[in-house]
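Engineer: Right, I'll just put the structure down here and ask away after.
The values are calculated or read from the model by the stated rules, or taken from the named source; none is laboratory data. Just so we're clear, the structure is a prediction, and the values are computed from it rather than from any experiment. Glycine also receives a Cβ, built like all others from the backbone with ideal geometry; neighbour counts cover every protein chain displayed. The accessibility values were calculated without ligands, DNA or RNA, using every heavy atom of the protein model including side chains. Shrake-Rupley method; radii C 1.70, N 1.55, O 1.52, S 1.80 Å.
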Amino acid sequence: MRQVLAGVRNGEEPDGLRGLVADVLGVAAERIDETFGPEQTASWDSLGHLRLVTAVEERFRIAFTMEEIGSIRCYGDLAATVRKRSRA
Amino acid sequence: MKVGVTNGISADGSARPAPLRVAYLSNFSLAPLHEHVSAAAAAFGLRLEPYVAGYDQYMQEVLGGGPLHAFRPDVVALFLALDRLRPENMRRLPSLSEARRRELRSEILAHVDGWLQAAKARLPGTFLVSNFPAAPRPWLGVADAKEAYGEREFRLELNLELLRLLRDEPRAHLFDLDCVTARFGADAAADSRLRYLAKMQWSFGFLPPLAAELARHLRAIAAPPRKCLVLDLDGTLWGGVVGEDGPDGIRIGQGDPIGEAFQDLQCRLKAFQAAGVLLAVCSKNNPEDVQEAFRRRPEMPLRMDDFVAAEINWRPKHDNLRRIAGALNIGLESLVFVDDNPAEIELVRQLLPEVQTLLLPSDPSAGLAALDGLADFERVRVLEEDAAKTRQYRENRAREVHRSVVGELDEYLKSLETTVELDVVRSEELPRIHQLFSKTNQFNLTTRRYTLPELERLTAEESCVLVKAAAKDRFGELGTIGAYLLRVEGEEARIDSFLMSCRAMGRSVERAMMNDLKARFLSLGRFRSLRGRFVPTARNRPAEGFLEAEGFRPAGGEAEEGTRGGDDGEGRGLDYLLAYEEVAERPCPWIEVVRA
């Protein structure tokens with residue numbers, strides 16, 4: 001049975017997601033808003049993208065499908081996908 | 001020509017050496033493996049400069065003269081995934097005929113061999129070739145084992161033949177990806193999403209353990225192994241305390257889980273010895289108790305005479321480690337100290353940072369895994385000489401005792417009945433000579449750390465003569481103990497390298513070698529002079545003054561000023577000259593010389 005994370009509710013930002021993304025991509029957390037994406041930092045390239053989703057999977061103990069990995073295009077997408085997966 | 005220090009590690013820590021240049025080639029996406037390897041290698045003090053070839057460019061980059069060639073790799077690692085190498089065939093493996101499957105195996109092997117031969121002909125350095133992980137789930141399932149040349153058999157034979165192919169290649173080594181994958185777990189090592197999305201073969205989680213194993217190989221290729229494993233006794237070789245529990249009370253041997261674990265631990269240590277590692281004891285105990293324990297407990301795989309040195313007393317362990325290094329005539333950076341007491345380990349760590357330490361877990365069942373974690377003794381091959389190391393040191397000890405009986409030095413040297421055999425190095429002897437070049441610190445005039453490929457190239461040049469010295473005496477064989485490299489350059493000949501193992505020090509073998517060098521120099525023809533050089537390091541004091549003693553004069557002079565800045569990365573050296581007319585052998589009555 002997957003543990004339901006307290007901070008992950010509809011419309012809320014998953015606990016610690018912003019800090020994790022900032023860590024993995026090496027950017028300041030304040031720079032990260034809903035639309036933050038590959039255009040805003042060179043570290044979010046195709047390899048960085050995979051590192052990012054793998055790190056998020058590990059932290060939230062979830063697994064994305066290939067489709068989901070391919071459809072995440074910005075921080076807002078990522079947060080929404082984590083919310084969706086954590087509820088499942 | 002740029003030769004000299006190419007290893008990413010320094011033996012004496014005196015100079016910051018060039019990083020080890022490692023190229024990664026593959027037919028899938030390797031990124032970011034190289035970052036993990038560099039981090040893992042840093043833990044061994046090995047600095048890497050990586051080069052990652054373009055996706056699936058492993059053949060083109062070797063054949064073309066592009067960036068890989070400009071990179072001048074020290075090590076080239078090759079990873080090939082079968083399902084990308086022969087996608088059509090591998091996808092339809094069960095539907096291929098048995099004959100076709102056998103043919104496919106030969107084709108793949110020929111492809112790898114073809115790559116290796118092409119790479120060897122075009123690139124310097126050493127090649128690390130990965131094998132192929134076992135199929136976690138053969139397509140025929142359970143029935144695969146009954147199939148003639150099924151998927152298991154196909155992969156087993158492919159790996160077996162690759163192992164045999166690489167075993168006889170001096171410049172290429174196997175990387176056992178199959179084993180690393182199995183140890184980590186094949187399921188966890190793969191991430192099929194990354195495979196489809198990014199042409200990656202491995203999960204991110206598999207990269208650190210894979211990198212750790214690669215770094216171990218790089219260490220074996222580029223850095224000299226440590227020489228001696230110094231062991232505590234109570235709680236390390238057996239359970240209990242011999243001084244309190246008595247020789248019969250300590251736990252070692254069958255019938256007791258704790259005793260069985262310690263017995264296995266001792267067997268593992270004995271295996272290190274067979275691979276050329278010296279064993280020594282450093283323990284706070286009464287020596288009589290310990291002698292008694294080894295005598296009364298035949299269950300112990302290790303015996304007292306397996307140890308080339310033993311400091312069993314109540315002195316601090318860092319003092320004893322110094323004594324052990326001194327007795328064996330090796331540096332502290334050649335020692336690994338194993339103890340189950342965290343306080344002793346911490347003390348040694350702080351006071352003797354050169355010594356590698358290993359804290360054994362308090363549960364002896366975890367001891368084997370802890371020992372296996374040591375990479376300090378890794379070497380690419382074990383030579384016959386390595387296996388005989390303990391015997392040689394034991395004989396050296398007998399010589400020491402003999403010396404104290406005989407007294408006068410002259411008489412002593414004579415009584416040793418040393419014979420030195422000098423001969424031009426043959427190509428099959430190069431691995432041992434290379435080992436001497438990489439390990440000899442003390443009696444070494446220039447400390448040039450040639451790689452094996454560099455030595456191969458030098459010996460092929462007509463202007464170079466590489467000679468080895470082997471010695472024996474009344475106590476036994478000392479083996480190959482020295483070498484010199486003489487190079488002709490215009491009107492001069494130059495002593496590029498001159499080195500002798502510390503095992504042969506103090507008996508004038510170096511003079512016999514120099515006499516041979518002089519004779520060979522004279523036989524080469526008429527020259528202006530013979531040039532020598534002494535490059536001081538933190539460790540080679542024993543070689544200081546040697547050239548003067550053999551008749552050389554400091555080159556001095558306005559033009560040379562005695563020292564030259566190293567243009568080959570070797571630092572400052574002192575140049576010496578000996579005019580052709582003045583070349584003469586010096587008396588060396590204690591040694592019988594045999595020239596082949």
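Engineer: I need the full set of residues from the stretch B:348-358 which are out of contact with any helix residue (DSSP H, G or I) (no Cβ under 7 Å at 6 or more places or on another chain) and in contact (Cβ under 8 Å) with a residue 24 or more places away in the chain, in order please.
Structural biologist: B:Gln356 - this is the single residue of the stretch B:348-358 that is out of contact with any helix residue (DSSP H, G or I) (no Cβ under 7 Å at 6 or more places or on another chain) and in contact (Cβ under 8 Å) with a residue 24 or more places away in the chain.
Engineer: Scanning for something open to solvent by less than 60 Å² (accessible area, probe 1.4 Å), without any contact (Cβ under 8 Å) to a residue 60 or more places away in the chain and over 17 Å from B:Leu269 (Cβ atoms), does the stretch B:328-347 turn up at least one residue?
Structural biologist: yes
Engineer: In addition: Anything in the stretch B:467-494 that is open to solvent by 10 Å² or more (accessible area, probe 1.4 Å), free of Cβ contacts under 8 Å to residues at least 60 places away in the same chain and part of a strand (DSSP E or B)? List them, or say none.
Structural biologist: B:Lys468, B:Ala470, B:Lys472, B:Arg487, B:Val488, B:Glu489, B:Glu492, B:Arg494
Engineer: With the condition being more than 14 Å from chain B (Cβ to nearest Cβ) and farther than 22 Å from B:Tyr196 by Cβ, I'd like the helices (runs of 4 or more DSSP H) fully within the stretch A:29-88 carrying at least 3 qualifying residues.
Structural biologist: A:75-87
Engineer: Quick one: B:Pro94 ticks every box in (1) at pLDDT below 95; (2) under 34 Å from the mean Cα position of the chain (by Cα) except a single one, so which number is it?
Structural biologist: (2)
Engineer: Here's another thing I want to ask about it. Hey, could you check the stretch B:204-236 for residues that are open to solvent by 10 Å² or more (accessible area, probe 1.4 Å) and within 14 Å of chain A (Cβ to nearest Cβ) and say which is farthest from B:Phe262 (Cα to Cα)?
Structural biologist: Per the criteria, the residue is B:Phe204.
Engineer: Of the residues that make up the stretch B:421-434, is at least one part of a helix (DSSP H, G or I), charged (D, E, K, R) and in contact with a Lys or Arg (Cβ under 7 Å, 6 or more places away or on another chain)?
Structural biologist: yes
Engineer: Next question, about the same structure. Quick check on B:Gly13: is it away from chain A (no Cβ under 14 Å), farther than 23 Å from B:Asn131 by Cα, at pLDDT below 95 and open to solvent by 60 Å² or more (accessible area, probe 1.4 Å)?
Structural biologist: So B:Gly13 fails the test.
Engineer: Right, something else. Which one is most open to solvent (accessible area, probe 1.4 Å) among residues in the stretch B:303-320 that are closer than 25 Å to B:Asn540 by Cα and either assigned to a helix (DSSP H, G or I) or at pLDDT below 90 (or both)?
Structural biologist: Looking at the filtered set, the residue picked out is B:Asp319.
Engineer: Within the group B:Arg379, B:Arg323, B:Arg295, which residue is surrounded by 14 or more Cβ atoms within 10 Å (Cβ to Cβ), on the phi < 0 side of the Ramachandran plot, not acidic (Asp, Glu) and not in a loop (DSSP other than H, G, I, E, B)?
Structural biologist: Details: B:Arg379 fails: not in a loop (DSSP other than H, G, I, E, B); B:Arg295 fails: surrounded by 14 or more Cβ atoms within 10 Å (Cβ to Cβ).
None of the other options fit; the residue is B:Arg323.
Engineer: Of B:Arg494, B:Arg457, which residue is farther than 28 Å from B:Glu384 by Cα and among the basic types (Lys, Arg)? Step through it out loud before you land on a result.
Structural biologist: Details: B:Arg457 fails: farther than 28 Å from B:Glu384 by Cα.
Unique residue meeting the criteria: B:Arg494.
Engineer: Check the stretch B:237-251 and report whether any residue there is within 14 Å of chain A (Cβ to nearest Cβ), surrounded by fewer than 17 Cβ atoms within 10 Å (Cβ to Cβ) and touching a helix residue (DSSP H, G or I) at 6+ places or on another chain (Cβ under 8 Å).
Structural biologist: no
Engineer: Would you check which residues across the stretch B:442-466 are free of Cβ contacts under 8 Å to residues at least 60 places away in the same chain and part of a strand (DSSP E or B) and list them?
Structural biologist: B:Cys464, B:Val465, B:Leu466
Engineer: Got at least one residue in the stretch B:145-158 being open to solvent by 50 Å² or more (accessible area, probe 1.4 Å), in contact with a strand residue (DSSP E or B) (Cβ under 6 Å, 6 or more places away or on another chain) and over 30 Å from A:Ile72 (Cα atoms)?
Structural biologist: Checked the stretch B:145-158: no residue is open to solvent by 50 Å² or more (accessible area, probe 1.4 Å), in contact with a strand residue (DSSP E or B) (Cβ under 6 Å, 6 or more places away or on another chain) and over 30 Å from A:Ile72 (Cα atoms).
Engineer: Against the condition assigned to a helix (DSSP H, G or I), more than 14 Å from chain A (Cβ to nearest Cβ) and open to solvent by 10 Å² or more (accessible area, probe 1.4 Å), how does B:Glu169 come out, does it pass?
Structural biologist: no
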